[in-house]
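For reference, the structure is listed below as structure tokens.
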Amino acid sequence: MFGQQLPLLFDPDALPAGHREFLAHYAGATSVDNQALYRKEASRTGADTADFLQRSPVGTSGDLHSISARRLRWWQQSLKAKGWLEPVSGKRGHWRLTDPARKALTPQGRGRVLLGYSTDLGLALWSNSEDVFGHLGEPISLVLTSPPYPLANPRAYGNVPIAQYVDWLCSMLEPLVRNLDDGAVIALNVSNDVFETKSPARSTYRERLVIALCDRFALFKMDEIIWNCPNKPPGPIQWASLERFQLNTAWEPVYVFTNNPHRCLANNRRVLQAHTDRHMALMKKGGETRTRTNSDGAYRIYPGSYGTLTAGRIPKNVITCSNSKSDPDLKRAKAMARQDGLPLHGAPMPLELANFLVQYLSEEGSLVADLFAGWNTTGYAAQINGRRWISAEKHGEYVAGSAERFSRFNGFERAC
Ligand SMILES: C[S@@+](CC[C@H](N)C(=O)[O-])C[C@H]1O[C@@H](n2cnc3c(N)ncnc32)[C@H](O)[C@@H]1O
């Protein structure tokens, strides 16, 4: 059951394995010329390029040809016939993915880990996260991630059905849990909008997930932060707009777990907000002058209450931010992805949310990981806050598309 490929809307898995791996050479590239293709394929198979291209007599004429190069050109022709590849007109020997193929997603094969890009602080890997996090040489301080949600209508990158979801997510997280620093944090953004089949009743998978993570991995639940998203489109349509049982959804939970609550690396001093003018004035005058007790005595005000000058306001655990705000790096990356015909990601985390969580839940210089990276918002938030980061994303197009977000940072190198 575990390690299964998620179902895709456009399925390269329908192709023979050799074709799929061959197509991966074209993922994220504008075009690839045949000489580069031969080098890539030689390196993929562990051969030297000269050996790979070695010629031998072919057919009755005995003319010398490279059998390997011929095989690749044959694959180009059959993938052209199937609509996946096309030659670039006016550029002999250059081929590229067709427009529909570009919009499809190319999943990395199991067991393969390729570097997408890197900066002085982090690595973005094109890989299934199952192949990455069991082998890290150093402990992780923060896992900040948003897994594919168990939706009835999957997004382009697919998802695991609800019945298997809790076990699947636990199995995905297990290698990271084994590699956590003392007091490290796992922050999981999941969906609240998952319903029982044909029912307006919400699934209790979130509750089961929390219990499973605490019971199976000895994690502790620190909080369930509410991400309030004011521009969420109306929904669930069936149960709110049509049948009127439900209200429109405005929020998603972000669960915060740790392996050691008393040494937890979360620290609200890193995210203090400015005091209101009213509170500043109250502190300046030395606090309250009144004495007041509410009806049952649970809440009392004395002269001097709220008079201590503090560095800032402790944020509430409801974070309000829209998911439509963009920043210049994201805008540039989106424009380039469109130009290169790469699909944009359908569900990136808002930077404001990731930024807040990275600051609150991790220390500068520590290691932040995302096992479902998408357009790598976690890596980006880690980068701009001076944390080191490692991210794994299964689909090559998202790795290639997000690279441009990081191009202005020190040590940026693109491998895809
Ligand atoms: C909800 S999205 C994450 C979006 C991300 N937080 C962002 O800001 O762009 C989930 C991502 O997990 C990826 N994914 C699914 N299974 C994976 C796996 N086994 N290994 C790595 N990535 C995977 C999907 O391709 C998808 O991009």
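The values are calculated or read from the model by the stated rules, or taken from the named source; none is laboratory data. All of these numbers come straight from a predicted model, not from anything done at the bench. Ideal geometry is used to build each Cβ from the backbone, glycine not excepted, and the neighbour counts take in all protein chains shown. These area figures cover heavy atoms from the full protein model, side chains too; ligands, DNA and RNA do not enter into them. Shrake-Rupley method; radii C 1.70, N 1.55, O 1.52, S 1.80 Å.
What to note about this one:
- Alpha-carbon centroids, the stretch 10-82 and the stretch 205-247: separation in whole Å: 47
- Phi-derived couplings, Karplus 6.51 cos²θ - 1.76 cosθ + 1.60 at θ = phi - 60°, listed residue by residue for the stretch 161-175: x, 4, 4, 9, 4, 5, 5, 4, 5, 4, 5, 5, 7, 3, x Hz, with x used for Gly and Pro.
- The simple spin-label model puts a point 7 Å past each Cα toward its Cβ; for ASP48 and ASN294 those points are separated by 8.0 nm.
- Computed on the Cα atoms alone, the convex hull of the chain gives a volume of 192 cubic angstrom per residue.
- Zone residues, the stretch 295-339, relative to PHE220, backbone N less than 20 Å from point 7 Å out along Cα-to-Cβ: 317
- Gyration tensor (alpha-carbon) shape descriptor, the stretch 361-416, a/c threshold 1.5: oblate
- For the stretch 12-103: Kirkwood Rh in Å [reciprocal of mean 1/r, alpha carbons]: 13.9
- Global form of the stretch 153-251, assessed from the alpha-carbon gyration tensor, a/c cut-off 1.5: prolate
- In the complete set of protein chains, residue-level accessible area for ARG20 is approximately 80 Å², probe 1.4 angstrom.
- The candidates TRP239, TRP251, arranged from most to least accessible area with a 1.4 Å probe in the full protein assembly, appear as TRP251, TRP239.
- Beta bridges per DSSP with both ends in the chain, % antiparallel, nearest 5: 65
- Comparing SER326, SER295, SER305 in a Gaussian network model of the chain (Cα springs below 10 Å), the most mobile by mean-square fluctuation is SER295.
- Spatially, the stretch 398-416 and the stretch 251-275 are offset by 29 Å when compared through their Cα centroids.
- Prolate/oblate/rounded label for the stretch 289-392 (Cα gyration tensor, a/c 1.5): prolate
- Separation of alpha-carbon centers, the stretch 142-186 and the stretch 117-139, rounded to whole Å: 16
- Each principal axis of the Cα atoms in the stretch 274-313 has its own extent, and those three values, largest first, are 32, 17, 14 angstrom.
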